[in-house]
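These notes are about the structure you will find just below.
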Amino acid sequence: MTLFAKTFATFGLLAAFVSPSAFADTYRHIDDLASDIERKSRQIEKETRHYRHTPEYRHLVEDARDMRRLADHMHDVAHDHGSLAHLESDLQELDAKFHHLESVFDRVERRAFHGHGHVHGDTSHVKRLLNAIEDDIHHLQDDLRSLRAPAYDCPRELVSRPPIYSAPPARHWDDHRSHSSRYGYGRGITIGGGSSRFTIRW
């Protein structure tokens, strides 16, 4: 077995034993984060009561509910070690929904400050929940990127390609003439090769 084959086999075994465990841990982390977003979205859904006397109240409730459902769905996919493409699509949708909901909250607060509707009580904890969800989404993005990366990194020198040995170039008649001249044989032509080769000199 060549050095290259042995090296490749060794890293193949390492990948077989290490990668599934690393992937399982990452999927578990995705599962936990999605579950956490679902829980926080449910809290935000309850906190929308502070905005019940604003024009956007129903909008806030529906968006918070949609975000919770998306997080719940992502939690299910990750729990079953589902398709990575599916998780990426869900996360993209969840991220878009989050940023939309965040912008609606900001607009409601701003408009209420100018007399368009009324916000009840202190809503600073809503902003804290939104910030926490945004952090979770960023961690999910990192996790999914890590699943797309190679399972392990091999130093270049450990998996170098075997050396390539090229056959010497075929000798041409002119080469043999110059070779003969250098060694004092005069001019000549060599025909054939190996044991059937013969040279005619003049």
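The values are calculated or read from the model by the stated rules, or taken from the named source; none is laboratory data. Bear in mind that the values here come from a model prediction, so they are computed numbers and not experimental data. Cβ: placed from backbone, ideal geometry, glycine included. Neighbour counts: every protein chain shown. With ligands, DNA and RNA removed, areas are computed over all heavy atoms of the protein, side chains included. Shrake-Rupley method; radii C 1.70, N 1.55, O 1.52, S 1.80 Å.
Report, by residue number, each residue of the stretch 19-59 that is of a type in the set (Phe, Trp, Tyr) and over 14 Å from Leu130 (Cβ atoms). Let's see the steps before the verdict.
The first filter runs over the stretch 19-59 and keeps only residues of a type in the set (Phe, Trp, Tyr), leaving 23, 27, 51, 57.
Within the stretch 19-59, Phe23, Tyr27, Tyr57 meet the criteria.
Determine, yes or no, whether Ala151 is small (Gly, Ala, Ser), under 30 Å from Ala96 (Cα atoms) and either open to solvent by 80 Å² or more (accessible area, probe 1.4 Å) or at pLDDT below 75 (or both). Talk me through it step by step, then tell me what you get.
Values: small (Gly, Ala, Ser): yes; under 30 Å from Ala96 (Cα atoms): yes; either open to solvent by 80 Å² or more (accessible area, probe 1.4 Å) or at pLDDT below 75 (or both): yes.
Criteria met by Ala151.
Would you mention how many residues in the stretch 138-152 are part of a helix (DSSP H, G or I) and either in contact with a strand residue (DSSP E or B) (Cβ under 8 Å, 6 or more places away or on another chain) or among the hydroxyl-bearing types (Ser, Thr, Tyr) (or both)? Can you show your working first?
Kept after step one, since they are part of a helix (DSSP H, G or I), are these residues of the stretch 138-152: 138-148.
Filter once more, keeping what is either in contact with a strand residue (DSSP E or B) (Cβ under 8 Å, 6 or more places away or on another chain) or among the hydroxyl-bearing types (Ser, Thr, Tyr) (or both): 146.
Going through the stretch 138-152 one residue at a time, the tally reaches 1.
Going by the structure shown, is Ala64 part of a helix (DSSP H, G or I), of a type in the set (Gly, Ala, Ser) and closer than 14 Å to Asp143 by Cβ?
Judged against the criteria, Ala64 is not a match.
Of all residues being charged (D, E, K, R) and without any contact (Cβ under 8 Å) to a residue 40 or more places away in the chain in the stretch 29-49, which is farthest from Asp142 (Cα to Cα)? Just the residue, please.
The selected residue is Lys46.
Out of the stretch 97-137, which residues are assigned to a helix (DSSP H, G or I), small (Gly, Ala, Ser) and exposed (fewer than 12 other Cβ atoms within 10 Å of the Cβ)?
Step one: of the stretch 97-137, the residues assigned to a helix (DSSP H, G or I) are 97-113, 124-137.
Remaining after also requiring small (Gly, Ala, Ser): 103, 112, 124, 132.
Once the filter is applied, which keeps residues that are assigned to a helix (DSSP H, G or I), small (Gly, Ala, Ser) and exposed (fewer than 12 other Cβ atoms within 10 Å of the Cβ), the stretch 97-137 yields Ser103, Ser124.
Tally up the residues in the stretch 42-65 that are open to solvent by less than 60 Å² (accessible area, probe 1.4 Å), touching a Leu at 6+ places or on another chain (Cβ under 8 Å) and not hydroxyl-bearing (Ser, Thr, Tyr), please.
Here the count works out to 5.
How many residues, within the stretch 66-87, are free of Cβ contacts under 8 Å to residues at least 12 places away in the same chain and open to solvent by 30 Å² or more (accessible area, probe 1.4 Å)?
6
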